[in-house]
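The values are calculated or read from the model by the stated rules, or taken from the named source; none is laboratory data. From a predicted model like this one, the values you see are computed outputs, not experimental measurements. As a convention, Cβ positions derive from the backbone with ideal geometry for all residues, glycine included, and neighbour counts pool all protein chains shown. Keep in mind that these areas ignore ligands, DNA and RNA; they rest on the heavy atoms of the full protein, side chains included. Shrake-Rupley method; radii C 1.70, N 1.55, O 1.52, S 1.80 Å.
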Amino acid sequence: MGEVGAAAAGVGEISSLPVTPRSAAMAPLPPPPSASRTTPPISAPPSQFHSPSLSRSPLLLESPIHTSSATPNKTPRSRASLTPRFITPLASPVRKIIKMTKLEPRHDEHDDWLPITESRNGNAYYAAFHTLCSGIGIQALILPVAFTILGWTWGIISLSMAFLWQLYTLWLLVQLHESADGTRYSRYLDLFTAAFGKRVGKLLGAAPIMYLSAGTCIALIIIGGSTMKLIYQVLCGPTCSNPKPLTTVEWYLVFTCIVVVFSQLPNLNSIAGVSLVGAITAVGYCTLLWVVSVAEGRIPGVSYNPIVANSDLARVFGALNALGIIAFAFRGHNLVLEIQGTMPSSEKYPSRVPMWRGVKLAYLVIAMCLFPLAIGGYWAYGHMIPANGGLLDALHDFHEHDTSRFVLGLMTLLIVINSLTTIQIYAMPTFDNLESTYTSKKNKPCPWLVRAGFRVFLGSMAFFIALALPFLGSLAGLIGGIALPITFAYPCFMWIMIKKPQRYGPMWCLNWGLGSLGIVLSLLVVAGGIWSIVLIGVKGNFFKP
């Protein structure tokens, strides 16, 4: 490094002094053999970071360095003019030669071919769109159900603590995306495997991570298909003359076909506009739901006393199930690294800066949606809110005749559009995983026909599972417990394993405490979800949506 700095200083000295004859004693030493070709100044070029899992960054290109014919009298161009942010750094091959950037040799060339990292021109706005679209959804509508068990005080405290906790773990993931040696972890499972090893990654990471991707898509097909049927009934009304309306299964199929058409967009960056539409519709129907519910006023006979269980054990498990519902309301952590992987990154402009800027904007909006939903919904319906459908079913049950058909139709239409758009970002890791298997075996990118076939196949599989298990919505507490470590526990342990903070220091104690509490809470919430299923029961209407 000292030789490189001296060389750069030498170039600056020659260009700033007049050309004067020198004696042989004053002549500069001849360049070493390794520096036989002329290179531009490389004092601090922003070399691109790379990905460890399947390839390097697409912006880390090995472009040849052309020999300059500039004379010493010419003033060298500034670094900003040589290496603007959107152009591949000219000095990256030199950095590789002098080992300033450590490249991961495993499947280097494949990242350019995969949907998540195929395009790296994202920015803070794209990050905000993706984060908001993936971070808020239909699962937030059952938040008032948790308040019926926890009550006002503990409900608000639990929701606030969960929000701050998951925002902190989100910050950890954003910081862990780029390691000190320049390695980029553009997939959650890659970071988990780097922290704990392949065996633990497959055992504890792969199943819940893939569940959150594929399972959310299945749930969205159930929600979208059912809501399309509902919007048809709302718009058609009691005077509908159609003698043979579509069945629920047929509505599932219609929704899945539309999803498959949209899924042909090639990569994660290409669906930024789709995520923007999803974010707008999510904010729209969440706001409409709580505003209409509060505007209609409290229903007669409303009560805010927590539901009293028959025994202390039932009370404990009921509270744990409520915590699972709150945990289930916060999602999207399994997509944070993937979203950040679509951004360009360099030593001077790391991707964590625009990513965190977009995340802060997105979560400000999410807070403005979730807290009014929970508080306003519980205020309007109290303990009479339906346990499964949440706020949406409560509005239709108590105010279907008081609310205009246009508002109800608009609300359900926004839910359908949001389901269509949100499923695209949650399906992208599954597409990426399937295509990575193909590219690894064939050593070439997926042809468009193969890629389209993969996405049609995955859409068909999701439709079949949604048809077989249409009661997934009633398992919200149990599902929230299973997925809870990905959001609340794993990022804390990954920070300790990768960053290695000082033992018994503040960050070490904080992350150990939160991570351990997250694991314990996950086990208790799973137990509470199982208890709730045993106590209340689940209508196992297999293949009968």
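List of remarks:
- For SER440, the conditions (1) in contact with a helix residue (DSSP H, G or I) (Cβ under 7 Å, 6 or more places away or on another chain); (2) crowded, with 17+ Cβ neighbours inside 10 Å; (3) not hydrophobic (A, V, I, L, M, F, W, C) all hold with the exception of (2).
- Looking only at the stretch 390-436, and only at residues there that are surrounded by fewer than 22 Cβ atoms within 10 Å (Cβ to Cβ) and polar (S, T, N, Q), the one that is nearest to TYR378 (Cα to Cα): THR403
- Counting the residues of the stretch 302-327 that are farther than 20 Å from THR153 by Cβ and either modelled with pLDDT of 90 or more or open to solvent by 60 Å² or more (accessible area, probe 1.4 Å) (or both) gives 2.
- So PRO105, is it at pLDDT below 90 and outside any loop (DSSP other than H, G, I, E, B): no
- Among residues of the stretch 286-300 that are closer than 15 Å to LEU392 by Cα, those with a Cβ under 9 angstrom from a residue that is among the β-branched types (Val, Ile, Thr), sequence gap 6+ or separate chain, pair up as CYS286/ILE136; LEU288/VAL407; TRP290/ILE375; VAL292/THR403; VAL292/VAL407; GLU296/THR403.
- With respect to the conditions (1) in a helix (DSSP H, G or I); (2) among the charged types (D, E, K, R); (3) over 22 Å from the mean Cα position of the chain (by Cα), LYS202 lacks only one, and its number is (3).
- Residues of the stretch 331-358 satisfying the condition of being open to solvent by less than 10 Å² (accessible area, probe 1.4 Å) and part of a loop (DSSP other than H, G, I, E, B): GLY332, GLY341, THR342, MET343, SER345, SER351
- Residue list for the stretch 443-460, restricted to those being open to solvent by less than 100 Å² (accessible area, probe 1.4 Å) and among the aromatic types (Phe, Trp, Tyr): PHE454
- Check on ALA207, in a helix (DSSP H, G or I), surrounded by fewer than 19 Cβ atoms within 10 Å (Cβ to Cβ), without any contact (Cβ under 8 Å) to a residue 40 or more places away in the chain and out of contact with any helix residue (DSSP H, G or I) (no Cβ under 7 Å at 6 or more places or on another chain): yes
- Selection within the stretch 105-131 - more than 22 Å from GLN264 (Cα to Cα) and either out of contact with any strand residue (DSSP E or B) (no Cβ under 7 Å at 6 or more places or on another chain) or free of Cβ contacts under 8 Å to residues at least 40 places away in the same chain (or both): PRO105, ARG106, ASN123, ALA124, TYR125, ALA128
- Filtering the stretch 133-148 for residues that are touching a Leu at 6+ places or on another chain (Cβ under 7 Å) and free of Cβ contacts under 8 Å to residues at least 60 places away in the same chain leaves an empty set.
- Any hit, the stretch 527-541, residues being under 20 Å from THR169 (Cα atoms), at pLDDT 75 or above and open to solvent by less than 50 Å² (accessible area, probe 1.4 Å): no
- Some residue of the stretch 214-236 being over 30 Å from LEU364 (Cβ atoms), under 21 Å from the mean Cα position of the chain (by Cα) and not β-branched (Val, Ile, Thr): no
- For ALA314, the test of being among the aliphatic types (A, V, I, L, M) and in a helix (DSSP H, G or I) is passed.
- Members of the stretch 328-352 found to be modelled with pLDDT under 90 and of a type in the set (A, V, I, L, M, F, W, C), listed by number: PHE328, ALA329, PHE330
- Filtered residues of the stretch 359-380 (kept if open to solvent by less than 10 Å² (accessible area, probe 1.4 Å), closer than 19 Å to ASN305 by Cα and out of contact with any Phe, Trp or Tyr (no Cβ under 7 Å at 6 or more places or on another chain)): ALA380
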